[in-house]
């Protein structure tokens, strides 16, 4: 188990030494910085090398948490009364001054007051100045310097106590008495124990079962002309081959629930690695390439296999309602992540499709809204061939209106007649249309 102890140059070695003595079984190494904002540039590399990270305090921790995704367990050394008592003793020993008039930063007023009350001071006897905790403010260090200088020069404080070594360094240069609130060794040890528990909990989480529920239609399905059986079977075999190949990549097990729906069982860790922590899903690209249609994927995480399947079902119902092929993820606590998309999807492609659709609608003498409605419903149906009556039912138009629309689309080259179809083998046959969306978009 590899632990990175992050912190300022002049204190990181102390904290690392305490941990090495208390936990000889840990592989402990140091990552030092001069200013706490540098932690933001270091954390990405640390997360690739270490299993856990210990931050020196809340400032660097809050900065990284706001801007970086946490991939491994993080903890920071909290400010504690024991740390403040240790620092107050240091102030009296080093500066031989009282501790009733002090300028503080990175500490809560309530914690400071409690620390004084525990050693017999009354609130009315104290003149304490506490800085605001603007941890994410780019000008935080400059604000603290001005705060402490003003308190020392104008308010008569005897000493400044800071949680940031970079502030202590600047104050020392100005000959202003100051001390750093270093954590007590027992606090460092307790925090590392908590970090180990979080790491173990994450290992358990990574081994939990995840259920991937997939529904898909195959190209050539339900041909009205009855002449596409070979194409349908060939496409189905290709799609199945890619589903099983994807499952093998994540050490999963495939269960064919129905001819069009599949379950893949894997672990939390493997699916996170495959999706880059639930950012994208390559399976969508793979199935698009082999001409699968109406792809809906639901990924369910849970404490048990039953709970994971239930969450997967919730996720796939959301995916079915989406306007494009996508995957939804429902986590153990029931929260839903933003939909996963294929790597190849991009806003630029969507803009181009919108432009081409508008041009096609203009050629046909129709509104873009009407053409988009036909596009959406034909793609969602999974069919490749339609009669006018079928299209009218899908899109919510009357048959007569759909006949007029189809005539305009034929004239504009947006669709073509590929045959005639008679439902009962008698009566006037209906034309069978096929759309050329790939040429249009």
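The values are calculated or read from the model by the stated rules, or taken from the named source; none is laboratory data. No experiment lies behind these values; they were computed from the predicted model shown. All Cβ positions, glycine included, derive from the backbone under ideal geometry; neighbour counts span all protein chains shown.
Screening residue 139 on (1) surrounded by fewer than 16 Cβ atoms within 10 Å (Cβ to Cβ); (2) more than 27 Å from residue 66 (Cα to Cα) shows it passes everything except condition (2).
Exactly one residue out of 276, 294, 288 is in the same structural domain as residue 260 (by TED's automatic domain parsing) and part of a loop (DSSP other than H, G, I, E, B), and it is 276.
On the basis of being closer than 17 Å to residue 179 by Cα, in contact (Cβ under 8 Å) with a residue 60 or more places away in the chain and either touching a strand residue (DSSP E or B) at 6+ places or on another chain (Cβ under 7 Å) or part of a loop (DSSP other than H, G, I, E, B) (or both), does residue 91 make the cut? Here the answer is yes, as residue 91 does meet what is asked. Please specify each residue of the stretch 414-441 satisfying the condition of being at pLDDT below 85 and under 48 Å from the mean Cα position of the chain (by Cα). Within the stretch 414-441, 436, 437, 438, 439, 440, 441 qualify. When the stretch 35-45 is examined, which residues are found to be in contact with a strand residue (DSSP E or B) (Cβ under 7 Å, 6 or more places away or on another chain) and surrounded by fewer than 20 Cβ atoms within 10 Å (Cβ to Cβ)? If the condition is that a residue be in contact with a strand residue (DSSP E or B) (Cβ under 7 Å, 6 or more places away or on another chain) and surrounded by fewer than 20 Cβ atoms within 10 Å (Cβ to Cβ), then 42 is the only one that fits. Scanning the stretch 16-30 for residues that are out of contact with any helix residue (DSSP H, G or I) (no Cβ under 6 Å at 6 or more places or on another chain) and not in a loop (DSSP other than H, G, I, E, B) yields 16, 17, 20, 21, 27, 29.
For the stretch 45-55, the condition holds for at least one residue, the condition being that it is within 28 Å of the chain's Cα centre (by Cα), assigned to a loop (DSSP other than H, G, I, E, B) and in contact (Cβ under 8 Å) with a residue 60 or more places away in the chain. Does residue 59 count as assigned to a helix (DSSP H, G or I), more than 19 Å from residue 192 (Cβ to Cβ), touching a helix residue (DSSP H, G or I) at 6+ places or on another chain (Cβ under 7 Å) and touching a residue at least 12 places away in the same chain (Cβ under 8 Å)? The answer is yes for residue 59. Of all residues in the stretch 418-441, those that are loosely packed, with under 14 Cβ neighbours inside 10 Å have Cβ atoms under 6 Å from Cβ atoms of residues that are part of a loop (DSSP other than H, G, I, E, B) and modelled with pLDDT of 80 or more, 6 or more apart or on another chain, in 420/429; 422/429. Just one of the listed residues (117, 173, 133) is out of contact with any helix residue (DSSP H, G or I) (no Cβ under 7 Å at 6 or more places or on another chain), in the same structural domain as residue 87 (by TED's automatic domain parsing) and surrounded by 16 or more Cβ atoms within 10 Å (Cβ to Cβ), namely 133. Before we move on, is residue 263 under 30 Å from residue 200 (Cα atoms), surrounded by fewer than 14 Cβ atoms within 10 Å (Cβ to Cβ) and either modelled with pLDDT of 80 or more or in the same structural domain as residue 310 (by TED's automatic domain parsing) (or both)? Taking the combined requirement at face value, the residue does not satisfy it.
For the stretch 234-273, a residue qualifies if it is touching a helix residue (DSSP H, G or I) at 6+ places or on another chain (Cβ under 9 Å) and part of a strand (DSSP E or B), and the qualifying residues are 253, 254, 256, 261, 262, 263, 264, 265, 266, 267. Being modelled with pLDDT of 95 or more and outside the structural domain of residue 54 (by TED's automatic domain parsing) is a description that applies to residue 146. Of the helices (runs of 4 or more DSSP H) lying entirely inside the stretch 356-414, the ones with 3 or more residues being within 24 Å of residue 291 (Cβ to Cβ) are found at 368-381, 388-395.
Given the structure, is residue 342 modelled with pLDDT under 85, under 30 Å from residue 272 (Cβ atoms) and touching a helix residue (DSSP H, G or I) at 6+ places or on another chain (Cβ under 7 Å)? Criteria met by residue 342. Taking only the stretch 103-137 into account, find how many residues are within 29 Å of residue 38 (Cβ to Cβ) and in contact (Cβ under 8 Å) with a residue 24 or more places away in the chain. Summing the residues that are within 29 Å of residue 38 (Cβ to Cβ) and in contact (Cβ under 8 Å) with a residue 24 or more places away in the chain in the stretch 103-137 gives 14.
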